[in-house]
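K.L.:
The structure's right below; bear with me while I get my questions together.
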Amino acid sequence: MARARPMSAEERRSALTDVTLRLLRVHGRAVTTRQIAEAAKVAEGTIFRVFDSKDELVDAALARAFEPGDVVARIEGIDPTQPLRSRLVNLVAILQQRFRATFELMQKVELVGPPHHLHDSAEHEAWRVRLEALLAGVVGDDADQLAVPVDHFVHVLRLLTFAGSHQKVADGRLLTPDQIVDTVLLGLRKRD
């Protein structure tokens, strides 16, 4: 039986980062390098050939958690032929899944906000601009149905989705995608 091709240092870093992120969601910062090594099916020393410390590995895993991941593809996959409300409900469901997963991880690792070096970076700003364009794209040609500019509409939609998806902000009464969309769409729609 042929042996698998050895991983490059970058491939190993990426694989260990993915494993660590999964384990952080379960164990928080209490995760050990031994648990990481066992889950990655490597020797514990392998971790320290590609990371200087456990803290560096945890930071890499947290940075990965704040990357867009498959969110872009999922938003781009929303059927533009659906009615506006249906498109928005699909969009909010995608954003809620992302927010909830992020909030749960942050609680598990005792973060009160995104790490500053990630949130204040040029990459984050580029992602924010891209996300705004994606959200506006979901509204598309139906922007003429809104009483406010599309950028304001998607800003309010995202804010309510954020607040309505956070256990503590929403006092444990999370909002459904339908509730969020109806609140924003009916509140900011043009009236005859």
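The values are calculated or read from the model by the stated rules, or taken from the named source; none is laboratory data. Worth saying up front: this structure is predicted, and the values here are computed from it rather than measured. Note that we place each Cβ from the backbone using ideal geometry, even for glycine, and neighbour counts take in every protein chain shown. The protein model used for the area step is the full one, side chains on, heavy atoms only, and it has no ligands, DNA or RNA in it. Shrake-Rupley method; radii C 1.70, N 1.55, O 1.52, S 1.80 Å.
K.L.:
Would you rank L146, L188 by solvent-accessible area, highest first, keeping every protein chain in place and using a 1.4 Å probe?
P.N.:
If we order L146, L188 from most to least accessible, we get L188, L146.
K.L.:
Tell me the label-point distance for the pair D55, L188, using the 7 Å Cα-to-Cβ offset, in nm and rounded to one decimal.
P.N.:
Roughly 4.1 nm, to one decimal.
K.L.:
A follow-up question, please. Give me the tail of P(r) for the stretch 25-127 as a percent: Cα-Cα pairs with distance above 23 Å.
P.N.:
44
K.L.:
Follow-up question, since we're still on this one. So what does L159 come to for accessible area, using a 1.4 Å probe and Å² rounded to 10?
P.N.:
Accessible area, nearest 10 Å²: 100 Å².
K.L.:
So how far, in whole Å, is the C-alpha centre of the stretch 42-110 from the one of the stretch 118-155?
P.N.:
So the separation of the two Cα centres works out to 19 Å.
K.L.:
A further question follows. Based on the Cβ-Cβ distance from A143 to D70, what FRET efficiency comes out when R0 is 25 Å, to the nearest 0.05?
P.N.:
0.45
K.L.:
Also, quick follow-up: Counting heavy atoms of the protein chains only and a 1.4 Å probe, report the per residue accessible area for the chain as a whole number of Å².
P.N.:
Here the per-residue accessible area is 60 Å².
K.L.:
Take every Cα pair under 8 Å in the stretch 136-192 that's 6+ residues apart, average their separations, divide by the length, and report that relative contact order as a whole percent.
P.N.:
Over the stretch 136-192, the number comes to 39 percent.
K.L.:
For the chain, calculate the relative contact order in percent as a whole number, restricting contacts to Cα pairs under 8 Å that are 6 or more residues apart.
P.N.:
That works out to 21 percent.
K.L.:
A further question follows. Roughly how tilted is helix 84-108, in degrees to the nearest 10 and between 0 and 90, from the longest Cα axis of the chain?
P.N.:
Taking Cα atoms only, the helix is inclined about 40 degrees.
K.L.:
Counting Lys and Arg as +1 and Asp and Glu as -1, what is the net charge of the other residues whose Cβ lies under 12 Å from the Cβ of S165?
P.N.:
So the surrounding residues net to +4.
K.L.:
Say R0 is 22 Å: what FRET efficiency, to the nearest 0.05, do R130 and R25 get from their beta-carbon distance?
P.N.:
0.30
K.L.:
Which angle between 0 and 90 degrees, to the nearest 10, do you get for helix 177-188 versus the longest principal axis of the chain when only C-alpha atoms count?
P.N.:
40
K.L.:
Just the number, please: carbon plus sulfur as a percent of the accessible area of the chain, 1.4 Å probe, no ligands or DNA/RNA counted.
P.N.:
54
K.L.:
What does the helix-only formula give at 222 nm for the chain: each DSSP H stretch with n ≥ 4 adding -39500 (n - 2.57), the total divided by the residues, and the result rounded to the nearest 500 deg cm²/dmol?
P.N.:
-21000 deg cm²/dmol
K.L.:
Report, by chain and number, residues whose modeled amide H sits under 5 Å from the one on L146, excluding near sequence neighbours (fewer than 5 apart, same chain).
P.N.:
K190
K.L.:
Still on this structure, I have one more. Over the chain, consider all pairs of different Cα atoms and compute the Kirkwood hydrodynamic radius from their mean reciprocal separation; express it in Å, one decimal.
P.N.:
Its Kirkwood hydrodynamic radius stands at 18.8 Å.
K.L.:
FRET efficiency for A170 and K41, Cβ-Cβ distance as r, R0 = 41 Å, nearest 0.05?
P.N.:
Between A170 and K41 the formula returns 0.55.
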